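The block underneath contains the structure these notes are about, expressed in structure tokens.
The values are calculated or read from the model by the stated rules, or taken from the named source; none is laboratory data. Everything numeric in this text was worked out from a predicted model, so none of it was measured. All Cβ positions, glycine included, derive from the backbone under ideal geometry; neighbour counts span all protein chains shown.
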Amino acid sequence: MSKSNSPLSIRVVSLYEDVLNIYSDRGNRLALQARAAELGVNLDVHLISIGDQLPTSADLVLIGGGQDREQDIVAADLLSKGETLRSWAGANVAMLAVCGGFQLFGRWFRNSRGLFLKGIDVFDCVSVAPAFGNLRLVGDVISQSAIDGLGTIVGYENHAGQTFLGDSAVPFAEIEIGYGNNGFDGTEGVWRNSCVGTYLHGAIFPNNLQLLDWLFKRAIEHRMSQDGNFDLTVLERMSKYSKLGEASEFARELISTTVREEQG
Ligand code: GLN
């Protein structure tokens, strides 16, 4: 494919921010915009909700969490976009799916009313909420990411659905404190190509800028493989001094220390 001389612009699709925004997950998109501004990278942000058409391409996709009720609201529309999102995931588009969004990016979710919601199969996992009782997996989480270099990932979880990974799925992280996917097997989230599913709110990006940078770098590489001229020093700057990086590191350190102390 021929490269144009246009400056690089990273296309971001943020799904259903108006419906799936529990614990302000849309803060992930805001953090991304702040990081892009700091690095001098253009973002072309598409806020896509029910009934909206997806753009013809994307470099990075975000979806947040929501209660069962909100998942019911978006499920059919998400299914209608499933084929495109699945093909993007297979073509190395970067994605972050949080909690309720993560569940719907799996094969299916059976909610606490026993209702099955079909997922879009981006991730090889299924999620089941217990039919009886009021068991929820709630609290602070400290985990160690399986992705090389990401290290400690902190966040907050609150979910009834328990997620079980299929044979082809790789966990995003290993639980140190908290429940993670199901409270049984020590896994947290899922990682496939440039896509991450996770139960962690926070929002997760501001407290874990290393994850934002990892996905952003993948998104930049995806864009470069398609079109556009790009100043590669931006990728170098990502790992160097940054005010956001410093603030995020401080928050992550503080959360890890406090939660470890609380857990004794
Ligand atoms: N409704 C889902 C559950 O409780 C997801 C909740 C969330 O996104 N925090 O399992």
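Quick rundown of the values:
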| quantity | calculated |
| --- | --- |
| Selection within the range 57-68 - within 16 Å of the ligand (Cβ to nearest atom), of a type outside the set (Gly, Ala, Ser) and at pLDDT 95 or above | Leu62, Ile63 |
| Among the residues listed as Leu20, Leu43, Leu47, Leu54, the single one being within 16 Å of the ligand (Cβ to nearest atom) and not in a helix (DSSP H, G or I) | Leu20 |
| Tally, over the range 23-32, of residues that are more than 14 Å from the ligand (Cβ to nearest atom) and touching a strand residue (DSSP E or B) at 6+ places or on another chain (Cβ under 6 Å) | 1 |
| Some residue of the range 85-102 being within 14 Å of the ligand (Cβ to nearest atom) and either part of a loop (DSSP other than H, G, I, E, B) or touching a Pro at 6+ places or on another chain (Cβ under 8 Å) (or both) | yes |
| Test: Gly197 is within 16 Å of the ligand (Cβ to nearest atom), surrounded by fewer than 16 Cβ atoms within 10 Å (Cβ to Cβ) and not aromatic (Phe, Trp, Tyr) | no |
| Residue identified as in contact with a Cys (Cβ under 7 Å, 6 or more places away or on another chain) and of a type in the set (Gly, Ala, Ser) among Ala173, Ala169 | Ala169 |
| Flag if Asp121 is more than 9 Å from the ligand (Cβ to nearest atom), at positive phi and crowded, with 16+ Cβ neighbours inside 10 Å | yes |
| Options Ile63, Ile10; residue that is without any contact (Cβ under 8 Å) to a residue 60 or more places away in the chain and in contact with a Phe, Trp or Tyr (Cβ under 9 Å, 6 or more places away or on another chain) | Ile63 |
| Residues within the range 22-56 that are modelled with pLDDT of 95 or more, closer than 27 Å to Arg110 by Cα and crowded, with 17+ Cβ neighbours inside 10 Å, tallied | 4 |
| Subset tally (residues that are of a type outside the set (A, V, I, L, M, F, W, C) and under 25 Å from Gly178 (Cα atoms)) for the range 195-244 | 10 |
| Listing of helices (runs of 4 or more DSSP H) fully contained in the range 209-264 that carry 3 or more residues being in contact (Cβ under 8 Å) with a residue 24 or more places away in the chain and touching a strand residue (DSSP E or B) at 6+ places or on another chain (Cβ under 9 Å) | 209-226, 243-262 |
| Cross-chain or 6+ apart pairs with Cβ under 9 Å, the range 156-168 first and of a type in the set (A, V, I, L, M, F, W, C), then outside any loop (DSSP other than H, G, I, E, B) and near the ligand (Cβ under 9 Å from one of its atoms) | Ala160/Asp68; Ala160/Leu137; Phe164/Ser127 |
| Test: Ala173 is touching a strand residue (DSSP E or B) at 6+ places or on another chain (Cβ under 7 Å) and within 28 Å of Ser256 (Cα to Cα) | yes |
| Scan of the range 135-164 for residues that are more than 21 Å from Gly27 (Cα to Cα), surrounded by 14 or more Cβ atoms within 10 Å (Cβ to Cβ), among the aliphatic types (A, V, I, L, M) and within 16 Å of the ligand (Cβ to nearest atom), ordered by number | Leu137, Ala160 |
